[in-house]
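Just below is one structure, and these are the notes that go with it.
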Amino acid sequence: MDQKYIIGVDGGGTKTTVALAKTTGEVVKIAVGPASNPRNVGLEECVRVIKKLVEEVKGEEKIGASFIALAAVEEEYSDSKNYIAQSLKEVLQSKVEVGSDQLAAFRCGTKENYGAVIIAGTGAVSHGWNEGKEAKNSGWGYLADEGSAFYVGIEGFRSVSKHLDKRGKQTLITDILLKKWDITSDNQLRKIVYSDFKKFIPQISVFVDEAGKLGDKVAVNILQNAGEELVLSLKKTITDVELEGSFPVILSGAMFRSKIVFNYIKNSVLSDYKEAQVMLNDKDPVNGSVALAIELCSE
């Protein structure tokens, strides 16, 4: 490798992380900014956010290669990958590859090309690989990503609205949400949520998990349903690529901080695939982009 540094980018629906790293994999500088998922913010904003963060970490260093991992880019924005790469080449001044956040999350947990990953952050998607076979399930965006923080947040918001209207069960989610957001009226709650629902709805998933930890039945039910939906997506992917025997299953994303969701998925996967290695990715997903940038640099 001729160059000393590479850049990895993880662009999601809540935040974007850009890392400057040595070709050994050692991360030396990180910058974090707002969302850059093109589905949520559009292509122009996606490029603008990444450029700004690259400028923060790059300095005068020469870059050998850069891997840009983006949510939704392999779906409806697959024909825009070249545009994104060319738009960023001026600031990166390196080889640039734009690819899926799913691949980056998988590489965060393993170097294998055999296994599956399920991402449950703002959105949710599963992806699997097996000797040339590749399959993806879910990943339809916040209107349909069952099991994601958006899904859990919506279900939490619905439960709160029913509780406050006295047309549904009481739930601790309500008390936690009102306290955390310092809300004193129904109208104030509506105003906050609808002022920027893409921002505030996923935040409610955290309140659902807090209530679930305290044993709130409404919250536990929401989280278990989320786990069930994620398992359905993951198992369909495993079947599609015909994984069997011992293979890694990487769990990546903020929803897996919930022990209820994590344990539900782990137990369900191991009940059907006893040799599977279910691993929680506790690294920042940008590390997967760093690993892919190193591979690109060596080509």
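Return a whole-number percent for the relative contact order of the range 210-274, with Cα pairs under 8 Å and 6 or more residues apart as the contact set. Relative contact order, the range 210-274: 43 percent. Excluding same-chain neighbours fewer than eight residues apart, the lysines reachable from LYS236 by a Cα-Cα span under 24 Å are LYS111, LYS133, LYS136, LYS259, LYS266, LYS274.
Report the gain in length on full extension from LYS111 to LEU214: 0.36 nm times residue separation, minus Cα-Cα distance, nm rounded to one decimal. Before the final figure, lay out each step's value.
Numbers: separation 103, 0.36 × 103 = 37.08 nm, distance 3.79 nm.
Full extension of this stretch gives 33.3 nm more.
Compute the Rg to Rh ratio over the range 20-112 from the alpha carbon atoms, using the Kirkwood formula for Rh, and round to two decimal places. All intermediate terms of the calculation are to be shown ahead of the outcome.
Values: Rg = 13.0 Å, Rh = 13.8 Å.
Reported Rg/Rh (Cα atoms, Kirkwood Rh): 0.94.
Annotation: lysines with alpha-carbon distance below 20 angstrom to LYS62 (same-chain offsets under eight excluded): LYS4, LYS22, LYS29, LYS51, LYS52, LYS89, LYS95. Distance from the Cα centroid of the range 150-166 to that of the range 49-80 is 36 Å (rounded to whole angstrom).
Averaged over every viewing direction, what's the projected area of the C-alpha convex hull for the range 38-167? Give it in nm², one decimal, please.
Values: hull surface 41.7 nm².
Hull-based average projected area comes out at 10.4 nm².
Give me the percent relative contact order of the chain, please, defined on Cα pairs under 8 angstrom at least 6 residues apart. List each step's numbers first, then the result.
On the way: 623 pairs, mean separation 67.1, N = 299.
Relative CO of the chain lands at 22 percent.
With q set to 0.14, 0.23, 0.28, 0.35 Å⁻¹, the log10 of I(q)/I(0) for the range 87-129, from the Debye formula over equal scatterers at the Cα positions, is -0.44, -0.79, -0.93, -1.27. Do the sum for the chain: with -39,500 (n - 2.57) for every DSSP H run of n ≥ 4, divided by all residues, what is the mean residue ellipticity at 222 nm, to the nearest 500 deg cm²/dmol? When only DSSP H runs of four or more count, the value is -15500 deg cm²/dmol.
Quick one: what do you get for the chain if you divide its Cα Rg by 2.2 N^0.38 Å? Before the final figure, lay out the partial values.
Working: Rg = 19.9 Å, N = 299, 2.2 N^0.38 = 19.2 Å.
Its radius of gyration relative to the 2.2 N^0.38 Å reference: 1.04.
Rounded to the nearest 20 debye, what is the charge dipole size of the chain about its Cα centre when +1 sits on each Lys and Arg Cβ and -1 on each Asp and Glu Cβ? Can you show the working numbers first?
Values: 37 positive and 41 negative charges, 204 e Å.
Approximately 980 debye in magnitude.
Only beta bridges with both residues in the chain are counted; by DSSP, about 55 percent of them are antiparallel.
When the charge dipole of the chain is built from unit charges on Cβ atoms (+1 for Lys and Arg, -1 for Asp and Glu) and taken about the Cα centre, the candidate among ASN82, THR171, THR110 whose Cα reaches farthest toward its positive end is THR171.
With 10 Å bins beginning at zero, the pair-distance distribution over Cα atoms of the range 127-226 amounts to 16, 44, 25, 9, 5, 1 %.
Backbone amide hydrogens, once placed in the peptide plane, bring GLY99 within less than 5 Å of ILE68, ALA69, LEU70, excluding anything fewer than 5 places away on its chain.
Readers should treat all values here as calculations from the given coordinates under stated rules, not as data from a laboratory. Predicted, not measured: the structure shown is a model, and the values here were computed from it. When we count neighbours, we look across all protein chains shown, and the Cβ atoms used for this are built from the backbone with ideal geometry, even at glycine.
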